[in-house]
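Visitor: Encoded as structure tokens, here's the structure I'll be asking about.
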Amino acid sequence: MSTGPLALMVRVRDEPGTLHALTRVIFERRANITYVDIAERGEEVSTVYFEMEEVSSEEAMIGALGNLSIVHSVERAPSFAKIYGKRIIVVGGGAQVGQVVVGAVAEADRHNIRGEKISVDTIPLVGEKELADATRAVARLPRAVALVLAGSLMGGDVAKAVYEIREKGIIVLSLNMPGSVPDAADLVVSDPVQCGVMAVMAVSESARFDIRLQRGRRY
């Protein structure tokens, strides 16, 4: 049995029932799908990306999928976890987001050259609804483990969204700013560059930094 995730790019005919046919083959071999995405879509052909675990025979799985009449080709691919690893999401005002990213990318580089994989994604946003929607969406993003809210004023529904995603295991850091978001976050850091650094330290497996001991503090 495979010890790690099996990642496959399956090129198929783009027609109704295609995904059902693919997942049925995977189900019959008792593998567990951990991630699926339609990576490319054309007028007649699509490429479906799968990550799966508990695969008893990788070659048999590839062969079974390749034998379907709707399948054009099956190729192995490195998993997203192997390439991009854990994801830190930075959301908020453009200037603050940029400074947080400076710290996060610099710190992530130190850990990644030692074998870890930590990636940083950003989106500058304004508006309570937009920020709240983006905050809640972090819990649905694959491999997302932490969110940094980088703005000058955040509260209301954004703070409610912070509590919701924290219950789902997402670590939330906030800049020190007016509003109720800092009170809802796990950790508050005044300096945006340092906030980015601490976000990476909070999710790193090698850093001597335990977020459980830092919750509720402000720096």
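Here, each number is a calculation from the coordinates, and none is a lab measurement. Predicted model, so just to flag it, every value in this text is computed and none were measured. Because the Cβ atoms are built from the backbone with ideal geometry, glycine has one as well, and the counts that use them run over all protein chains shown.
Visitor: Most fluctuating residue of Ala161, Ala150, Ala31 in a GNM of the chain with Cα springs under 10 Å: which is it?
Guide: Top of the fluctuation ranking is Ala31.
Visitor: Taking the Cβ of Val45 as the centre, find all other residues whose Cβ is under 13 Å away and add up their charges (Lys, Arg: +1; Asp, Glu: -1).
Guide: -2
Visitor: What is the magnitude of the charge dipole of the range 84-218 about its Cα centre, with +1 placed on the Cβ of each Lys and Arg, -1 on the Cβ of each Asp and Glu, and no other charges, expressed in debye to the nearest 20? Walk me through the intermediate numbers first.
Guide: Numbers: 17 positive and 15 negative charges, 77 e Å.
For this selection, approximately 360 debye.
Visitor: In sequence order, what are the phi-derived ³J(HN,Hα) couplings for the range 45-52 according to the Karplus relation 6.51 cos²θ - 1.76 cosθ + 1.60 with θ = phi - 60°, rounded to whole Hz, with x for glycine and proline?
Guide: Calculated HN-Hα couplings, in order: 10, 10, 10, 9, 9, 10, 10, 9 Hz.
Visitor: Using the charge dipole of the range 8-88 (Lys, Arg: +1 at Cβ; Asp, Glu: -1 at Cβ; taken about the Cα centre), state which of Ile38, Pro16, Ile83 has its Cα farthest towards the positive end.
Guide: Ile83
Visitor: A follow-up question, please. With a length cut of 24 Å (Cα positions projected on each helix's long axis) and a Kyte-Doolittle mean of at least -1.0, go through the chain and give me the DSSP H helices that pass. Provide the component values of the computation, followed by the final result.
Guide: Working: long enough: 94-112 (26 Å, 0.09).
Passing helices, by number: 94-112.
Visitor: A follow-up question, please. Can you show me the helix-derived [θ] at 222 nm for the chain, built from DSSP H runs with n ≥ 4 at -39,500 (n - 2.57) apiece and divided by the number of residues, rounded to the nearest 500.
Guide: -11000 deg cm²/dmol
Visitor: Right, something else. Please list, in order, the residues from the range 86-112 whose amide nitrogen is less than 19 Å from a point placed 7 Å along the Cα→Cβ vector of Ser152.
Guide: Zone members listed by number: 91-101.
Visitor: Using a Gaussian network for the chain with springs between C-alpha atoms less than 10 Å apart, which of these wobbles most: Met61, Met201, Met154?
Guide: Of the options given, Met61 has the highest mean-square fluctuation.
Visitor: What is the sum of charges around Ser57, taking Lys and Arg as +1, Asp and Glu as -1, for the other residues whose C-beta is under 15 Å from the C-beta of Ser57? The partial results should precede the final answer.
Guide: Numbers: positive: Arg29, Arg30, Arg76; negative: Glu28, Glu53, Glu54, Glu58, Glu59.
Here the charged neighbours net out to -2.
Visitor: Count the net charge of all other residues whose Cβ sits under 14 Å from the Cβ of Ser206, scoring Lys and Arg as +1 and Asp and Glu as -1.
Guide: Working: positive: Lys86, Arg110, Arg114, Lys117, Arg208; negative: Glu107, Asp109, Glu116, Glu205, Asp210.
Local charge sum for Ser206: 0.
Visitor: Where q = 0.21, 0.23 Å⁻¹, what log10 of I(q)/I(0) comes from the Debye formula for the range 6-79, counting one point per Cα?
Guide: -0.85, -1.04
Visitor: If you don't mind, another one. In the range 130-219, which GluC sites (Glu not before Pro) are in a loop and have at most 15 other Cβ atoms within 10 Å, using DSSP for the loop call? Don't skip to the answer; put the middle values down first.
Guide: Working: sites: Glu130, Glu164, Glu167, Glu205; in loops: Glu205.
Passing both the DSSP loop test and the Cβ count: Glu205.
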